[in-house]
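Engineer: Mind having a look at this structure? Questions to follow.
The values are calculated or read from the model by the stated rules, or taken from the named source; none is laboratory data. Because the structure is predicted, anything quoted here is derived from the model rather than measured. No Cβ is skipped: glycine too gets one built from the backbone with ideal geometry, and neighbour counts run over all protein chains shown. Calculation scope for accessible area: heavy atoms of the full protein, side chains included, ligands and nucleic acids excluded. Shrake-Rupley method; radii C 1.70, N 1.55, O 1.52, S 1.80 Å.
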Amino acid sequence: MLAAIDAASESVLLELYLVRSGIIATRFFAALAEAVRRGARVCVIFDAFGSLGLARADRRRLLEAGVELRFFNPLRLQQRLANLLRDHRKLLVADGRTAFVGGAGLTDDFAPGSRRGPWRELMVEIEGPVVADWQRAFARTWRRCGPELALPEPPACPPRVTGAAGRLSLSEARQRSVLASGVIRRIDSATRRAWIMSAYFVPSRRFRKALRRAARRGVDVRLLMPGARTDHPWVRQAARRFYGRMLRNGVQIFEYQPNMLHAKAILCDDWVSLGSSNLDRWSLRWNLEANQEVADSRFADVTAALFERDFSVSRAISRRHWRHRAWLDRLRETIAGALDRQLDRWRRPRRPQG
């Protein structure tokens with residue numbers, strides 16, 4: 001991502017949720033400032049809540065360098081529940097030719113050599129016609145924070161013979177998620193495998209039923225979930241209350257051990273979706289999310305190899321182990337589940353009218 005910013009001569013568009021001042025952020029801010037000095041237009045959207053850890057000095061440094069900086073949905077008391085609407089997307093577009101999509105943020109948690117080890121994360125680098133769609137997606141979010149982006153359309157880019165079929169998949173807050181519906185359709189049509197990697201997987205009933213149905217008809221269904229090293233332990237406990245029924249229906253569950261799992265990816269047969277969405281009910285209701293979908297056997301094989309490496313350093317949860325887990329774990333799951341159900345009742349998503 002830094003190399004793409006360094007090579008940009010026309011524009012750099014950056015949209016992120018989690019931003020905190022530190023070594024990683026400083027490196028990116030220096031690269032963005034240098035891009036402005038080269039004559040590139042640099043536009044940045046940070047989520048107002050996710051960037052609370054951004055120091056005022058860093059904000060001032062970006063603005064003084066000529067970076068156009070906007071914050072999505074600044075927190076205001078009078079907005080009440082609307083303050084929960086967050087931009088959880090992670091997107092970089094350079095010169096309208098290269099895009100990066102995934103789950104990483106600008107914090108030192110992702111830095112190699114950090115005290116507790118870097119968070120496990122995935123980003124995908126994209127070239128080809130779909131990059132124009134990512135620029136348009138950024139422009140729509142930019143417009144929600146102020147005036148139009150007014151950048152020229154990316155140059156025409158014919159599909160590569162050696163490329164892969166793909167499209168962007170977005171989730172808008174308070175609307176029925178196209179992203180989630182697409183994943184469920186893929187799970188329902190899977191014949192060989194349905195593997196999901198997620199940091200905060202508290203799935204809806206639709207998701208749970210789709211996964212159980214797939215496992216019962218013989219599909220290799222696997223969930224890669226965070227282990228004890230997580231930044232939201234109560235979310236993990238809320239998710240674990242679903243393990244028992246999943247295991248009884250043949251779903252395999254793995255908990256990642258080396259460090260914090262923050263990556264988000266879905267693999268169904270030869271179809272991959274990779275991006276910012278954890279496929280949990282909260283984010284699909286309240287967040288802007290963005291995934292890159294790829295339908296290609298070669299890319300699927302690469303993704304499967306990533307999954308396999310992570311499975312090999314994870315702890316498989318067995319039905320026998322699960323039945324004999326500690327009473328304290330059961331209590332935590334019960335409490336977290338009650339909190340999750342209460343939050344779920346706060347607000348139902350508004351369906352688009354038409």
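Conditions tested, residue by residue: (1) at pLDDT 95 or above; (2) among the β-branched types (Val, Ile, Thr).
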| site | (1), (2) |
| --- | --- |
| Arg38 | yes, no |
| Ser51 | yes, no |
| Ala57 | yes, no |
| Ala82 | no, no |
| Val101 | yes, yes |
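Engineer: Look at Ser9 and say whether it is among the polar types (S, T, N, Q) and either under 23 Å from the mean Cα position of the chain (by Cα) or open to solvent by less than 10 Å² (accessible area, probe 1.4 Å) (or both).
Structural biologist: no
Engineer: Right, something else. Is it the case that Arg140 is open to solvent by 40 Å² or more (accessible area, probe 1.4 Å), touching an Asp or Glu at 6+ places or on another chain (Cβ under 6 Å) and closer than 24 Å to Lys90 by Cβ?
Structural biologist: Against the criterion (open to solvent by 40 Å² or more (accessible area, probe 1.4 Å), touching an Asp or Glu at 6+ places or on another chain (Cβ under 6 Å) and closer than 24 Å to Lys90 by Cβ), Arg140 does not qualify.
Engineer: Out of the residues in the stretch 155-199 that are in contact with a helix residue (DSSP H, G or I) (Cβ under 8 Å, 6 or more places away or on another chain) and at pLDDT below 80, state the one that is surrounded by the most Cβ atoms within 10 Å (Cβ to Cβ).
Structural biologist: Ser177
Engineer: Among residues belonging to the stretch 58-73 that are out of contact with any helix residue (DSSP H, G or I) (no Cβ under 8 Å at 6 or more places or on another chain) and in contact (Cβ under 8 Å) with a residue 24 or more places away in the chain, point out the one that is surrounded by the most Cβ atoms within 10 Å (Cβ to Cβ).
Structural biologist: Phe71
Engineer: I'd like to verify a number: residues in the stretch 74-101 that are open to solvent by 40 Å² or more (accessible area, probe 1.4 Å) and either within 30 Å of Gly128 (Cβ to Cβ) or touching a strand residue (DSSP E or B) at 6+ places or on another chain (Cβ under 7 Å) (or both), how many?
Structural biologist: Selection size over the stretch 74-101: 1.
Engineer: Filter the stretch 219-228 down to the residues that are more than 14 Å from Glu121 (Cα to Cα) and touching a residue at least 40 places away in the same chain (Cβ under 8 Å), then identify the one that is surrounded by the fewest Cβ atoms within 10 Å (Cβ to Cβ).
Structural biologist: Gly227
Engineer: Something else: Any residue at all in the stretch 34-55 that is open to solvent by 30 Å² or more (accessible area, probe 1.4 Å), farther than 22 Å from Val93 by Cβ and free of Cβ contacts under 8 Å to residues at least 24 places away in the same chain?
Structural biologist: Yes: the stretch 34-55 contains one or more residues that are open to solvent by 30 Å² or more (accessible area, probe 1.4 Å), farther than 22 Å from Val93 by Cβ and free of Cβ contacts under 8 Å to residues at least 24 places away in the same chain.
Engineer: Of all residues in the stretch 143-154, count the ones that are without any contact (Cβ under 8 Å) to a residue 60 or more places away in the chain, part of a loop (DSSP other than H, G, I, E, B) and surrounded by fewer than 14 Cβ atoms within 10 Å (Cβ to Cβ).
Structural biologist: Within the stretch 143-154, residues that are without any contact (Cβ under 8 Å) to a residue 60 or more places away in the chain, part of a loop (DSSP other than H, G, I, E, B) and surrounded by fewer than 14 Cβ atoms within 10 Å (Cβ to Cβ) number 5.
Engineer: Looking only at strands (runs of 3 or more DSSP E) that fall completely inside the stretch 33-126, which ones have 1 or more residues that are in contact with a Pro (Cβ under 7 Å, 6 or more places away or on another chain) and closer than 20 Å to Phe138 by Cα?
Structural biologist: Result: empty, no element qualifies.
Engineer: Residues in the stretch 21-32 that are in contact (Cβ under 8 Å) with a residue 60 or more places away in the chain and part of a loop (DSSP other than H, G, I, E, B): how many?
Structural biologist: Residues that pass the stated criteria total 1.
Engineer: Hey, another quick one. Please determine, by comparing only the residues of the stretch 104-113 that are among the small types (Gly, Ala, Ser) and farther than 22 Å from Ala8 by Cβ, which one is surrounded by the fewest Cβ atoms within 10 Å (Cβ to Cβ).
Structural biologist: Residue satisfying both the conditions and the ranking: Gly113.
Engineer: Another one. Would you call Pro203 surrounded by fewer than 21 Cβ atoms within 10 Å (Cβ to Cβ) and either touching a residue at least 24 places away in the same chain (Cβ under 8 Å) or under 25 Å from Trp234 (Cα atoms) (or both)?
Structural biologist: No.
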